[in-house]
Amino acid sequence: MPDGDDQAARAERHLGGTARVHEPVKGKPRHDFERCIACAACAVACDAGAIRIFIDEDEGLLVWTLDLYDCTQCGRCVPVCPTGAMGLIEGAEFADDPEPPKRCLFALAECESCGRYYATNKEVAFATELLEQEEHADAARARALTSICPDCKRLHDAKAAARRSGMKRG
(Lines give C-alpha, C1' and ligand atoms only; values in the text may rest on other atoms or scores of the structure.)
Protein backbone atom coordinates (compact mmCIF):
# COMPACT_ATOMS: atom_id res chain seq x y z
CA MET A 1 0.00 0.00 0.00
CA PRO A 2 1.34 3.51 -0.73
CA ASP A 3 2.33 5.72 2.18
CA GLY A 4 -0.27 8.14 3.58
CA ASP A 5 0.88 11.25 1.68
CA ASP A 6 1.01 9.41 -1.66
CA GLN A 7 -2.37 7.79 -0.99
CA ALA A 8 -3.95 11.13 -0.05
CA ALA A 9 -2.68 12.81 -3.24
CA ARG A 10 -3.95 9.96 -5.41
CA ALA A 11 -7.30 9.99 -3.64
CA GLU A 12 -7.59 13.74 -4.16
CA ARG A 13 -7.04 13.27 -7.90
CA HIS A 14 -9.53 10.37 -7.92
CA LEU A 15 -12.15 12.44 -6.15
CA GLY A 16 -11.74 15.41 -8.49
CA GLY A 17 -9.49 17.50 -6.28
CA THR A 18 -6.89 19.96 -7.43
CA ALA A 19 -3.86 17.71 -7.08
CA ARG A 20 -1.42 18.29 -9.91
CA VAL A 21 -1.58 15.62 -12.60
CA HIS A 22 1.66 15.15 -14.52
CA GLU A 23 1.89 14.51 -18.24
CA PRO A 24 1.63 10.80 -18.95
CA VAL A 25 4.79 8.85 -19.70
CA LYS A 26 4.63 6.23 -22.43
CA GLY A 27 5.19 2.59 -21.60
CA LYS A 28 3.64 -0.83 -21.21
CA PRO A 29 0.98 -0.76 -18.50
CA ARG A 30 1.31 -2.96 -15.45
CA HIS A 31 -1.57 -3.66 -13.09
CA ASP A 32 -1.28 -4.66 -9.42
CA PHE A 33 -4.44 -6.54 -8.44
CA GLU A 34 -3.68 -6.31 -4.72
CA ARG A 35 -3.69 -2.50 -4.82
CA CYS A 36 -6.56 -2.14 -7.30
CA ILE A 37 -10.01 -1.19 -5.97
CA ALA A 38 -11.70 -1.41 -9.39
CA CYS A 39 -12.91 2.19 -9.28
CA ALA A 40 -12.86 2.35 -13.12
CA ALA A 41 -10.82 5.57 -13.27
CA CYS A 42 -8.27 3.86 -15.52
CA ALA A 43 -10.98 2.55 -17.85
CA VAL A 44 -12.50 6.02 -18.17
CA ALA A 45 -9.06 7.51 -18.93
CA CYS A 46 -8.23 4.85 -21.54
CA ASP A 47 -9.24 6.40 -24.87
CA ALA A 48 -8.10 3.27 -26.72
CA GLY A 49 -10.53 1.06 -24.80
CA ALA A 50 -7.76 -1.33 -23.75
CA ILE A 51 -9.06 -1.31 -20.16
CA ARG A 52 -12.63 -2.48 -19.85
CA ILE A 53 -15.07 -2.99 -16.99
CA PHE A 54 -18.03 -5.37 -17.07
CA ILE A 55 -20.55 -6.03 -14.33
CA ASP A 56 -21.79 -9.59 -13.86
CA GLU A 57 -24.83 -9.11 -11.61
CA ASP A 58 -25.68 -12.82 -11.68
CA GLU A 59 -22.36 -13.62 -10.01
CA GLY A 60 -21.99 -10.35 -8.06
CA LEU A 61 -18.70 -9.56 -9.76
CA LEU A 62 -16.99 -6.70 -11.53
CA VAL A 63 -14.74 -7.99 -14.32
CA TRP A 64 -11.72 -5.78 -15.08
CA THR A 65 -9.70 -6.49 -18.24
CA LEU A 66 -6.56 -5.06 -19.82
CA ASP A 67 -5.97 -5.99 -23.45
CA LEU A 68 -2.44 -5.02 -24.49
CA TYR A 69 -3.37 -5.58 -28.14
CA ASP A 70 -5.57 -2.45 -27.95
CA CYS A 71 -3.17 -0.47 -25.74
CA THR A 72 -1.42 2.56 -27.28
CA GLN A 73 1.02 2.91 -24.34
CA CYS A 74 -0.25 6.46 -23.72
CA GLY A 75 0.01 6.17 -19.93
CA ARG A 76 -3.25 8.01 -19.19
CA CYS A 77 -4.32 5.20 -16.86
CA VAL A 78 -1.49 5.82 -14.40
CA PRO A 79 -2.05 9.32 -12.95
CA VAL A 80 -5.79 8.77 -12.40
CA CYS A 81 -5.34 5.65 -10.26
CA PRO A 82 -6.00 6.54 -6.60
CA THR A 83 -4.07 3.57 -5.19
CA GLY A 84 -1.05 3.28 -7.48
CA ALA A 85 -2.29 -0.03 -8.90
CA MET A 86 -1.59 1.15 -12.45
CA GLY A 87 1.99 1.76 -13.50
CA LEU A 88 4.16 1.69 -16.58
CA ILE A 89 7.13 -0.35 -17.60
CA GLU A 90 9.05 2.28 -19.56
CA GLY A 91 10.90 1.12 -22.62
CA ALA A 92 9.18 -2.28 -22.63
CA GLU A 93 8.48 -3.59 -26.09
CA PHE A 94 5.22 -5.24 -26.98
CA ALA A 95 5.84 -8.74 -28.26
CA ASP A 96 4.90 -9.68 -31.80
CA ASP A 97 2.32 -11.98 -30.22
CA PRO A 98 0.60 -9.83 -27.62
CA GLU A 99 -0.10 -11.26 -24.20
CA PRO A 100 -3.61 -12.55 -23.63
CA PRO A 101 -5.86 -9.98 -21.96
CA LYS A 102 -5.41 -9.71 -18.21
CA ARG A 103 -8.66 -10.42 -16.39
CA CYS A 104 -9.37 -9.67 -12.73
CA LEU A 105 -12.52 -10.36 -10.75
CA PHE A 106 -13.77 -8.15 -7.91
CA ALA A 107 -16.63 -8.98 -5.55
CA LEU A 108 -19.39 -6.37 -5.56
CA ALA A 109 -20.83 -4.79 -2.41
CA GLU A 110 -24.58 -4.96 -1.89
CA CYS A 111 -26.46 -1.94 -0.58
CA GLU A 112 -27.59 -2.63 2.99
CA SER A 113 -30.78 -0.71 2.30
CA CYS A 114 -32.02 -1.95 -1.08
CA GLY A 115 -29.75 -4.91 -1.87
CA ARG A 116 -28.49 -3.61 -5.24
CA TYR A 117 -24.80 -3.78 -6.17
CA TYR A 118 -23.14 -0.36 -6.12
CA ALA A 119 -19.34 -0.69 -5.90
CA THR A 120 -16.64 -3.27 -5.30
CA ASN A 121 -15.93 -4.34 -1.74
CA LYS A 122 -12.38 -3.06 -2.19
CA GLU A 123 -13.60 0.38 -3.30
CA VAL A 124 -15.94 0.64 -0.30
CA ALA A 125 -13.08 -0.37 2.03
CA PHE A 126 -10.81 2.25 0.42
CA ALA A 127 -13.41 5.01 0.88
CA THR A 128 -14.03 3.94 4.48
CA GLU A 129 -10.28 3.98 5.20
CA LEU A 130 -9.96 7.50 3.79
CA LEU A 131 -12.93 8.69 5.84
CA GLU A 132 -11.50 7.14 9.01
CA GLN A 133 -8.51 9.48 8.65
CA GLU A 134 -10.86 12.45 9.01
CA GLU A 135 -12.18 13.48 12.41
CA HIS A 136 -14.91 16.00 11.57
CA ALA A 137 -18.66 15.35 11.83
CA ASP A 138 -19.21 15.25 8.05
CA ALA A 139 -16.68 12.42 7.73
CA ALA A 140 -18.40 10.51 10.53
CA ARG A 141 -21.76 10.86 8.74
CA ALA A 142 -20.18 9.81 5.45
CA ARG A 143 -18.58 6.74 7.09
CA ALA A 144 -22.02 5.71 8.31
CA LEU A 145 -23.29 5.79 4.71
CA THR A 146 -20.52 3.81 2.97
CA SER A 147 -22.61 0.65 3.08
CA ILE A 148 -25.48 2.04 0.98
CA CYS A 149 -25.76 2.84 -2.72
CA PRO A 150 -25.91 6.38 -4.18
CA ASP A 151 -29.68 6.14 -4.77
CA CYS A 152 -30.34 5.20 -1.15
CA LYS A 153 -27.93 7.96 0.02
CA ARG A 154 -29.96 10.51 -1.96
CA LEU A 155 -33.16 9.20 -0.38
CA HIS A 156 -31.54 9.35 3.06
CA ASP A 157 -30.38 12.94 2.41
CA ALA A 158 -33.81 13.98 1.13
CA LYS A 159 -35.51 12.58 4.22
CA ALA A 160 -32.97 14.30 6.47
CA ALA A 161 -33.49 17.62 4.64
CA ALA A 162 -37.26 17.26 5.01
CA ARG A 163 -36.87 16.65 8.76
CA ARG A 164 -34.59 19.68 9.12
CA SER A 165 -36.93 21.94 7.20
CA GLY A 166 -39.87 20.70 9.26
CA MET A 167 -38.01 21.51 12.47
CA LYS A 168 -37.24 25.05 11.35
CA ARG A 169 -40.91 25.80 10.70
CA GLY A 170 -42.08 24.58 14.08
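Here are some notes:
- If the convex hull is drawn through the Cα atoms of region 25-83, its volume per residue in Å³: 82
- Extension reserve of the Arg103-Asp32 stretch, reckoned as 0.36 nm per residue once the Cα distance is removed: 24.4 nm
- Backbone HN-Hα couplings from phi across region 145-155 [Karplus 6.51/-1.76/1.60, Hz, Gly and Pro as x]: 9, 5, 9, 10, 6, x, 5, 5, 5, 4, 4
- Point-charge dipole on Cβ atoms (K/R +1, D/E -1) for region 41-170, about Cα centre, debye to 20: 1300
- The relative contact order of region 39-170, computed from alpha carbon pairs under 8 Å that lie at least 6 residues apart in sequence, is 19 percent.
- Stretch gain in nm, segment Arg143-Val44, where the contour uses 0.36 nm per residue and the Cα spacing is subtracted: 33.0 nm
- Separation of the Glu135 and Ser113 label points, Cα + 7 Å toward Cβ, nm: 3.0
- Taken over region 31-128, the alpha-carbon convex hull comes to 98 cubic angstrom per residue.
- To put it simply, the accessible area of region 52-159 at a 1.4 Å probe is 50 percent carbon and sulfur.
- Restriction of the GluC sites (Glu not before Pro) in region 107-170 to DSSP coil positions whose beta-carbon has at most 10 other beta-carbons within 10 angstrom yields Glu135.
- Share of pairwise Cα separations in region 116-170, more than 12 Å, in percent: 70
The values are calculated or read from the model by the stated rules, or taken from the named source; none is laboratory data. From a predicted model like this one, the values you see are computed outputs, not experimental measurements. Heads up, the Cβs are rebuilt from the backbone with ideal geometry, glycines too, and the neighbour counts pull from every protein chain shown. Protein only, heavy atoms only, side chains kept; ligands, DNA and RNA dropped before computing areas. Shrake-Rupley method; radii C 1.70, N 1.55, O 1.52, S 1.80 Å.
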